[in-house]
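Peer 1: Please see the structure below; I have some questions.
Bear in mind these aren't lab numbers, they're just calculated from the coordinates by the rules spelled out. The shown structure was predicted, so the numbers you read here are calculated from the model rather than taken from an experiment. Cβ: placed from backbone, ideal geometry, glycine included. Neighbour counts: every protein chain shown.
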Amino acid sequence: MLNLAYAIVLILFAGAAVAGLSARAAAKWFAQLFALAAFAATVALAYVFAAAGKLALTVDLVSIGKVAVLGIVIDKISVLIALAVVGVGLLICIYSAVYLSEDNREHPDPGRRSYFAWLLAFIGSMAGLVFASTLVGQLLFFEMTGVCSWALIAYYQDAASTRAAAKALLLTHVGSLGLYVAAAALFAATGTFALSAIGSLGTATKTIVLMAILFAAWGKSAQLPLQMWLPDAMVAPTPISAYLHAAAMVKVGVYIFARGLLAAGSVPESVGWVGAVMAVVTMIYGFVMYLPQKDLKRLLAYSTITQLSYVFLGLSLSVFGSRLAFDGAIAHIFNHAFAKSLFFLVAGALAYTTGTRMLPKLRGILTRSPLLGISFCVAALAVAGVPPFNGFFSKFAIFSGGFAAAQNHVLLLPLVIIAMFESVGSFAWFLHWVGSAVLGKPSPEVADAAPVPASIRAVLVVLVLMTLCSGEIGASWLGWNSP
């Protein structure tokens, strides 16, 4: 298992080097090849881990004296999230190879080798963070994802993209200060950076460490008060927006908070209250902000902010004794990766074929391109949490866990109810745009749309299927417990 975990990360960084040094025409093929190899290694790791009984394994890689600086953790959570991180990364590589072309009506661009090099490095950084067993390891890959996202957001090299990239790098780096504080406090108290040591801390120090990790998580996952970088990052190529919003970058925050809570064992309730209240406040903010959006990508950006708030809410509710809420939050990280990737890649396909992603100009998609119309509907229903799509199962677990926790902490009840109202409201709003953009007589832009390339169609079909089955996959893998 350890060799497979090493291989996943090393394959991706080796691929980044090869793609960066190869000819432009070859870079996209190398990217797909190395991403496929990494995904095969991830699937093999999941198989071997399951065959071994899903027993957690932690190994130190780099130590200074007796202090573990870097290490690897292989458990149910890291393997599940790695499957999403690397699997969606492979789909993004396949999609990008066609999306970056002169035939793209929104952004004609032949695709530079730097794009594929940074993309593979991005996937590798995410995989490294998922398997990191120390705060120093998390911090290292936390910063590496920031650098990769900076390069990819700025890909088009115009004023808007370079400004948005700098904003994302700056604000997420501000968030990283929380990890520095957490690492320093943990080392001062225990003499180690291992996440497992959080459980041995006293109440006061444990609160400081977890609050600092939570602050870092807010920065990376675009939660209040560090949320403002995410909508501006939509100037990136749409496949990058999809990966950044679905399986990478923003998932760093919720993941490190989940690992901190898991390692802590008994968590001070103050951490749960702060996390839950800020999650609901951010959820309301995101919902209000995406109501006026006409640009489909910016609408999805604010939707991402709210969906991540559900994860923070579930993780925070677990502090009050609900393991089901914790498992639901982890499952939502997994499920959201596929649902939101699908939605963004539908937006990219529409922009590629019509030259616009402005919703008022998109009408009659189903008539002109049935696959895009169906994919739009599926993505909207999955993100809104409508059964039988994946978002329903993880949201249901979060809400169920929340009601269970509220039996002993009645003030949690209003927070859970507000979150349920947001879910219904987001469903109604997405339903509005389904009726407006998907149905009806095609608008001039949609009627004149170019054919959707085969590779893009294939990626969309895979993601549609995953919105139907990833909910069951995640629940089965985690072995959901009762509240």
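Peer 1: Would you work out which of Tyr310, Phe193, Val69 lies farthest towards the positive end of the dipole of the chain? Charges go on Cβ: Lys and Arg +1, Asp and Glu -1.
Peer 2: Going by the charge dipole, the pick is Tyr310.
Peer 1: Return the FRET efficiency for the residue pair Ala160, Glu102: r is the Cβ-Cβ distance, R0 is 22 Å, and the value is rounded to the nearest 0.05.
Peer 2: Result of the calculation: an efficiency of 0.50.
Peer 1: Calculate, in nm to one decimal, what Ala458 and Glu472 gain on full extension: separation in residues at 0.36 nm each, minus their alpha carbon distance.
Peer 2: 2.8 nm
Peer 1: Would you be so kind as to identify which of Gly175, Ser266, Gly286 lies farthest towards the positive end of the dipole of the chain, taking Lys and Arg as +1 and Asp and Glu as -1 on Cβ and the Cα centre as origin?
Peer 2: So the residue we want is Gly286.
Peer 1: When mean projected area of the Cα convex hull in nm² is calculated directly from the model, which label among (i) 24.3; (ii) 22.4; (iii) 20.2 fits?
Peer 2: So the structure-derived entry is (iii).
Peer 1: Moving on. By counting other Cβ atoms within 10 Å of each Cβ, how are Thr172, Thr367, Thr356 ranked from fewest to most?
Peer 2: In increasing order of surrounding Cβ atoms, one gets Thr367, Thr356, Thr172.
Peer 1: Then there is this: What's the FRET efficiency of Val147 with Leu411 using the Cβ-Cβ distance as r and R₀ = 35 Å, to the nearest 0.05?
Peer 2: Calculated value: 0.30.
Peer 1: With helices defined as uninterrupted DSSP H runs, which ones in the chain have an alpha carbon span along their own long axis of at least 27 Å and mean Kyte-Doolittle hydropathy of at least -0.5?
Peer 2: 2-21, 24-51, 76-99, 113-131, 159-190, 269-290, 296-318, 323-354, 412-433, 454-478
Peer 1: Write out the trypsin sites (Lys or Arg not before Pro) in the stretch 259-335 meeting two conditions: DSSP loop, and at most 13 other Cβ atoms within 10 Å of their Cβ. Display every interim value, and only then the final one.
Peer 2: On the way: sites: Arg259, Lys294, Lys297, Arg298, Arg323; in loops: Lys294.
Here the trypsin sites (Lys or Arg not before Pro) that fit, given the DSSP loop and packing criteria, are Lys294.
Peer 1: With 29 Å as the limit, write out which pairs from Lys76/Lys294; Lys76/Lys220; Lys395/Lys441; Lys28/Lys76 have Cα-Cα distances beyond it, or answer none.
Peer 2: Values: Lys76/Lys294 39 Å; Lys76/Lys220 23 Å; Lys395/Lys441 34 Å; Lys28/Lys76 32 Å.
Beyond 29 Å between Cα atoms: Lys76/Lys294; Lys395/Lys441; Lys28/Lys76.
Peer 1: Could I ask something else about it? Place a +1 charge on the Cβ of each Lys and Arg in the chain and a -1 charge on the Cβ of each Asp and Glu, then give the dipole magnitude about the Cα centre in debye, rounded to the nearest 20.
Peer 2: Numbers: 26 positive and 16 negative charges, 61 e Å.
The dipole of the chain has a size of about 300 debye.
Peer 1: Run the quick spin-label model on Arg24 and Leu431: label points 7 Å from Cα toward the beta carbon, then report their separation in nm to one decimal.
Peer 2: 4.8
Peer 1: In nanometres, what is the gap between the two model label sites at Leu177 and Ser266, each 7 Å from Cα along Cα-to-Cβ?
Peer 2: 3.3
Peer 1: Exactly which chymotrypsin sites (Phe, Trp or Tyr not before Pro) in the stretch 295-373 are in a DSSP loop and have at most 10 other Cβ atoms within 10 Å? Intermediate results must be reported in sequence, preceding the final value.
Peer 2: Details: sites: Tyr302, Tyr310, Phe312, Phe320, Phe326, Phe334, Phe338, Phe343, Phe344, Tyr352; in loops: Phe320.
Passing both the DSSP loop test and the Cβ count: no residue.
Peer 1: Can you give the calculated 222 nm mean residue ellipticity of the chain, where each DSSP H run of n ≥ 4 adds -39,500 (n - 2.57) and the sum is split over every residue, rounded to the nearest 500 deg cm²/dmol?
Peer 2: On the way: 19 runs with 352 residues, N = 483.
Helix contribution divided over all residues of the chain: -25000 deg cm²/dmol.
Peer 1: Using only Cα atoms, locate the centre of the stretch 182-238 and the centre of the stretch 364-411, then give the distance between them in Å, rounded to an integer.
Peer 2: Each part reduced to its Cα centre gives a spacing of 28 Å.
Peer 1: Looking at the stretch 29-87, which trypsin sites (Lys or Arg not before Pro) are DSSP coil and have at most 10 other C-beta atoms within 10 Å of their C-beta?
Peer 2: Values: sites: Lys54, Lys66, Lys76; in loops: Lys54, Lys66.
Qualifying residues, ordered by number: Lys66.
Peer 1: Using 0.36 nm per residue of separation minus the Cα-Cα distance, give me the extension gain between Thr203 and Ala52 in nm, one decimal.
Peer 2: This chain segment gains 50.8 nm when fully extended.
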